[in-house]
Amino acid sequence: MSESIIRQAEARDISGMLELAAQRREEYARYQSVFWKPAADALERQRPWFAKLIEREDVVTLVYEHDAIVQGFVIASFVPAPPVYDVPGLTCNIDDFCVQEHEEWLRSGRQLLDAAMEEARKRGAAQVVVVCAHLDHPKRSMLSDAGLTIASEWYTIPL
């Protein structure tokens with residue numbers, strides 16, 4: 001019988017998380033090579049960063065595990081809402097958020113998002129902001145289905 005769970009990320013999960021993040025970076029670099037181009041030593045830089053984030057109590061790090069294999073993860077940090085937004089509470093910022101296969105966004109991706117947002121509510125967050133590349137249509141569709149709306153777009157050009 002196969003088993004799927006969402007749980008707190010642990011040090012043993014970092015390699016799987018790094019593989020998913022590298023896969024996302026490669027895909028996003030095809031969408032927009034200027035902004036999303038990974039550094040040559042991205043994995044070496046990201047490994048200690050993820051290890052630090054997993055240990056921090058002020059950061060939510062969750063993995064979606066199926067049959068003991070990490071197939072998705074989300075990392076949520078918290079910052080005060082900028083004063084111009086007049087939002088009472090913290091902003092939950094989700095940047096690193098990956099699933100193994102595009103088809104998984106509507107199932108495991110949504111479950112990870114829901115779990116992260118529930119934890120954000122418990123920690124006093126008033127809103128969530130999720131980073132998503134403009135051509136990541138499966139992720140965008142899931143975010144829209146979850147009720148999130150586009151707040152802004154960034155445009156870039158090398159100088």
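Any read-out appearing in this document is the output of simple, stated calculations on the displayed coordinates, not a laboratory observation. Please read these numbers as outputs of a predicted model, since none were measured by experiment. Don't worry about glycine lacking a Cβ; one is built from the backbone with ideal geometry, like all the others, and counts go over all protein chains shown.
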List the residues whose amide H sits under 5 Å from the amide H of Asn93, counting only those 5 or more places along or on another chain, with H placed 1.01 Å from N in the peptide plane. Ser77, Phe78, Val79, Val129
Using the count of nearby Cβ atoms within 10 Å as a rough guide to exposure, how do Asp13, Asp58 rank from fewest to most? Asp58, Asp13
Kindly rank 30-37, 87-94 from highest to lowest mean number of other beta carbons found within 10 Å of each residue. 87-94, 30-37
For the stretch 114-159, what's the radius of gyration and Dmax over Cα atoms, in angstrom? 13.3, 43
Kirkwood-type radius of the stretch 1-68, with distances r between different C-alpha atoms, in Å: 13.3 Å
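In percent, what relative contact order does the stretch 4-145 have, based on Cα pairs under 8 Å that are 6 or more apart in sequence? The partial results should precede the final answer.
On the way: 215 pairs, mean separation 33.4, N = 142.
Rounded, it is 24 percent for the stretch 4-145.
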